[in-house]
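The values are calculated or read from the model by the stated rules, or taken from the named source; none is laboratory data. A quick note: this is a predicted structure, and the numbers were derived from the prediction, not measured. Cβ atoms come from the backbone with ideal geometry, glycine included; neighbour counts cover every protein chain shown. Accessible surface is based on the protein model in full, side chains and every heavy atom, while ligands, DNA and RNA are left aside. Shrake-Rupley method; radii C 1.70, N 1.55, O 1.52, S 1.80 Å.
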Amino acid sequence: MTNSWQNQFSQDARLLPHLIDLPTDQVLLSHLTEDDYRQASFLDQRIITPQLRRQLVPWSELSQVALPELATPQYIFHIGHVGSTLLSRLLGEIDTVLALREPQLLRTLCEISQIRDKPESPWSPDVYEQRFSETVRWLSRPFQPNQRVMIKASSFVSELAPQLLTETTDALILYAPLDRYLPTILAGEASMQETHMMAAPRLNRLAHHLGQAPARLWELSLAQRVAMSWMCELVTLFVAQQKSPSSNILWMDFESFLSDPEEKLSTSAEHFSHQLSTEKAIELVSGPIMSSYSKAPEHDYSPNLRQELLEEANHKHATDIRSAILWAEKIAAKFPLVADAMQWIETRK
């Protein structure tokens with residue numbers, strides 16, 4: 001990488017502010033092409049290879065780089081495992097979209113936001129606010145003047161949604177009803193492992209929104225932990241919706257997308273004010289993106305295969321799924337916020 005990194009950074013998105021080195025207060029800049037962005041499922045440490053050009057620069061120096069006027073990013077939020085990567089890939093094929101999938105810098109910012117008023121925070125509250133604005137601005141840089149950045153956040157970053165959703169922000173929120181979410185998670189070994197790993201922090205997040213924990217972790221079965229995780233992510237985004245009444249937000253059930261992908265893709269593009277012809281929409285939903293696993297495109301994963309796996313999980317875990325749904329209904333009866341969030345998505349049908 002040359003010494004003119006400041007000029008490169010100010011021109012377009014080729015230098016991704018990738019990772020933060022907190023002890024030295026430096027930012028790792030990674031050199032990516034438009035095609036690199038298009039191919040990357042995640043903009044985190046997983047894209048680091050020996051061939052990736054990168055360098056560390058002080059945050060203070062990056063802050064001084066002058067940037068032109070930039071449109072605020074558009075966002076895809078989701079509750080996890082509901083097709084957000086697939087929608088991001090499809091929308092990212094539109095010429096006026098630069099899709100960023102799960103930038104690590106935003107996740108780190110979210111982690112710090114959870115402790116920004118506590119003694120262990122690496123930044124003061126004022127520094128956090130300044131760096132939040134800088135991060136969003138850095139991630140807003142497109143390659144072309146007519147492009148708009150569309151960030152697909154990780155579900156953890158949903159806690160930042162109220163801060164990211166300004167009055168003029170466009171956002172798509174993807175979800176699935178509980179009776180579809182449960183078999184989706186129970187059908188995959190990796191998703192079940194993630195449920196175990198994230199159960200404690202999700203229970204803490206849910207307790208924060210509800211004012212108290214709705215259960216004790218050790219009392220929950222695997223299926224109930226899945227239901228609790230669903231509840232946490234749904235409530236988080238429902239609260240963000242309530243706190244951002246002026247934002248342009250579209251809620252979409254992933255099952256409804258799969259039932260009519262051409263129409264729903266066109267609806268999503270229109271919501272974000274991007275032009276997508278009927279011919280292009282048909283081409284996209286009939287192409288390889290729809291027939292591969294979005295997080296690992298080298299693997300085949302069609303809607304039909306997904307349906308087969310869901311049916312198998314529904315049969316294998318039928319008793320646990322019914323028990324988890326009943327448990328969730330009891331929690332909703334006790335906590336109005338949960339009931340309101342569940343009613344909200346029910347009215348989206």
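Enter the angle in degrees (range 0 to 90, nearest 10) between the Cα long axis of helix 318-334 and the first principal axis of the Cα atoms of the chain, meaning the one along which they spread out most. Between the helix axis and the principal axis of the chain, the angle is about 80 degrees.
Here the chain is treated as a sphere whose radius is the Kirkwood value from Cα pairs; by Stokes-Einstein at 10 °C and 1.306 mPa s it diffuses with a coefficient of 75 µm²/s. For the chain, relative contact order (Cα pairs under 8 Å, six or more residues apart, normalised by length) works out to 19 percent. Within the assembled protein chains, the solvent-accessible surface assigned to Asp179 is about 80 Å², based on a 1.4 Å probe. Pairs of alpha-carbon atoms within less than 8 angstrom and 6+ residues apart define the contacts here; what relative contact order does the stretch 242-349 have, in percent? Answer for the stretch 242-349 is 16 percent.
The residue list Gln144, His317, Thr347 was ranked by how far each Cα lies along the charge dipole of the chain toward its positive end, using unit charges on Cβ atoms, and His317 comes out on top. About the centre of its Cα atoms, the chain shows a dipole size close to 620 debye [charges on the beta carbon of Lys, Arg (+1) and Asp, Glu (-1) only; nearest 20 debye]. Over the residues of the chain, the helix contribution to mean residue ellipticity at 222 nm works out to -15500 deg cm²/dmol, using -39500 (n - 2.57) for each DSSP H run of at least 4.
Computed from Cα positions, the angle between helix 189-210 and the longest principal axis of the chain comes to roughly 90 degrees. With all protein chains kept in place, the per residue accessible area of the stretch 1-78 amounts to 50 square angstrom at a probe of 1.4 angstrom. Ranking Met197, Met290 from most to least accessible surface, computed with a 1.4 Å probe over the protein chains only, gives Met197, Met290. A crude spin-label estimate for the pair Ile115 and Ala213, with each label 7 Å from Cα along the Cβ direction, gives 1.9 nm.
With Rh defined as the Kirkwood radius, the inverse of the mean 1/r over Cα pairs, the Rg/Rh of the stretch 152-211 is 1.02. With every protein chain in place and a 1.4 angstrom probe, the accessible-area ranking of Lys349, Lys152, largest first, reads Lys349, Lys152. Taking Cα atoms, how many degrees apart are the long axis of helix 303-316 and the longest axis of the chain, rounded to 10 and kept between 0 and 90? Orientation of helix 303-316: about 40 degrees from the principal axis.
Computed from the Cβ-Cβ distance with R0 of 41 Å, the FRET efficiency linking Arg38 to Arg180 stands at 0.90. For the set Ser158, Ser4, Ser259, Ser60, the ranking by accessible area, highest first and with no ligand, DNA or RNA atoms included, is Ser259, Ser60, Ser4, Ser158 under a 1.4 Å probe.
Distance distribution note for the stretch 194-299: the fraction of Cα pairs above 20 angstrom is 60%. What base-10 log of the normalised intensity I(q)/I(0) is obtained for the stretch 1-94 from the Debye formula, alpha carbons as equal point scatterers, at q = 0.10, 0.13 Å⁻¹? So the normalised log intensities are -0.32, -0.55. How large a share of the accessible area of the stretch 286-349, in percent, is made up of carbon and sulfur atoms when the probe is 1.4 Å and the other protein chains stay in place? The value for the stretch 286-349 is 53 percent carbon and sulfur by accessible area.
For the stretch 152-235, a simple Cβ point-charge model (Lys and Arg +1, Asp and Glu -1, everything else neutral) yields a dipole of about 200 debye relative to the Cα centre. Normalised by the number of residues in the stretch 6-47, the average gap of Cα pairs under 8 Å and 6 or more apart makes the relative contact order 32 percent. Only lysine pairs 8 or more places apart or on separate chains count here, and in the chain those with Cα atoms under 29 Å apart total 22. The distance separating the Cα centre of the stretch 146-165 from that of the stretch 78-137 comes to 6 Å. The residue list Leu217, Ile249, Met198 was ranked by how far each Cα lies along the charge dipole of the stretch 110-258 toward its positive end, using unit charges on Cβ atoms, and Ile249 comes out on top. Rolling a 1.4 Å probe over the protein heavy atoms leaves Cys110 with an accessible area of roughly 0 Å². Measuring gaps between exposed loop sites in the chain (GluC sites (Glu not before Pro); DSSP loop; at most 12 other Cβ atoms within 10 Å), the longest gap, sites not included, is 168-349.
Starting from the Cα of Leu70, step 7 Å toward the Cβ, then list every residue of the stretch 14-41 with an amide N under 11 Å from that point. Label zone hits: 14-17.
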